[in-house]
Amino acid sequence: KNEIQKLQQLTIARGRQAEEYKGEYALQLMRTNQSQAAYFHSELPTVLDSLQSLSQSKREYFKTMWSSYVGVEQDVAPIIAKCQEEMENIIQNISPEEDSEKVVEKYKTGNVPAPDLQFD
C-alpha cells in the first residue's frame, strides 16, 4: 500500500511536470510563431525593398552613364570621320618611288668609288 501511494504521488508529480513542460512548450511555440511572423511580414520585406531600391538606383546610374557615353561618342564621330578622311588622303599621296628618290638625294655623298687595286 505504501508503494502504491508513492507511485501515485510520483504519477501526480510527473503529471504536473508534464503540464509545466506543455506550458513552456506552448510559450516557446508562441514566441517562435511571433518571431516567424515578424520575419516574414516585416523584416524580410524591408530587406527586399531595400535591395530592390538599391538595384533600381544602380540601373538608373548605368542608364545615365551609358546615355552620356553614347552622346559623347556621337559628338566625336564627325571629328573622327574627318581625321580618318584626312589620313586616307595622306595615304593616297604616298609615292614610294619619289620617297626613295628623296632619300637617295638627301644622303648621296658625291664620292666616286676608288679605282681597282693593281696586282704588284
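The values are calculated or read from the model by the stated rules, or taken from the named source; none is laboratory data. Treat the numbers as computed from the prediction; the structure is a model and nothing was measured. Reconstructed Cβ throughout: ideal geometry from the backbone, glycine too, with neighbour counts over all protein chains shown. For accessibility, only protein heavy atoms count, side chains too; no ligands or nucleic acids. Shrake-Rupley method; radii C 1.70, N 1.55, O 1.52, S 1.80 Å.
Against the condition out of contact with any strand residue (DSSP E or B) (no Cβ under 9 Å at 6 or more places or on another chain), part of a helix (DSSP H, G or I) and exposed (fewer than 10 other Cβ atoms within 10 Å of the Cβ), how does Ile80 come out, does it pass? Here the answer is no, as Ile80 does not meet what is asked.
To keep it simple, each residue is scored yes or no on (1) in a helix (DSSP H, G or I); (2) open to solvent by 80 Å² or more (accessible area, probe 1.4 Å); (3) on the phi > 0 side of the Ramachandran plot.
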residue	(1), (2), (3)
Gln17	yes, no, no
Leu27	yes, no, no
Gln56	yes, yes, no
Glu97	yes, yes, no
Asn111	no, yes, no
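Determine whether the stretch 69-90 contains at least one residue that is of a type outside the set (A, V, I, L, M) and under 21 Å from the mean Cα position of the chain (by Cα). Scanning the stretch 69-90, I find at least one residue that is of a type outside the set (A, V, I, L, M) and under 21 Å from the mean Cα position of the chain (by Cα), so the answer is yes. Can you confirm whether the stretch 46-54 contains a residue that is in a helix (DSSP H, G or I), at pLDDT below 95 and of a type outside the set (Asp, Glu)? The answer is no, given that none of the residues of the stretch 46-54 is in a helix (DSSP H, G or I), at pLDDT below 95 and of a type outside the set (Asp, Glu). Looking at this structure, is Gln36 assigned to a helix (DSSP H, G or I), surrounded by 10 or more Cβ atoms within 10 Å (Cβ to Cβ) and within 43 Å of the chain's Cα centre (by Cα)? Here the answer is yes, as Gln36 does meet what is asked. Hey, any hits in the stretch 61-70 for a residue that's out of contact with any His (no Cβ under 9 Å at 6 or more places or on another chain), at negative phi, small (Gly, Ala, Ser) and at pLDDT 95 or above? Yes, there is a match, as at least one residue in the stretch 61-70 is out of contact with any His (no Cβ under 9 Å at 6 or more places or on another chain), at negative phi, small (Gly, Ala, Ser) and at pLDDT 95 or above.
Checking the stated criteria, Gln74 turns out to be at pLDDT 95 or above, exposed (fewer than 10 other Cβ atoms within 10 Å of the Cβ) and among the polar types (S, T, N, Q).
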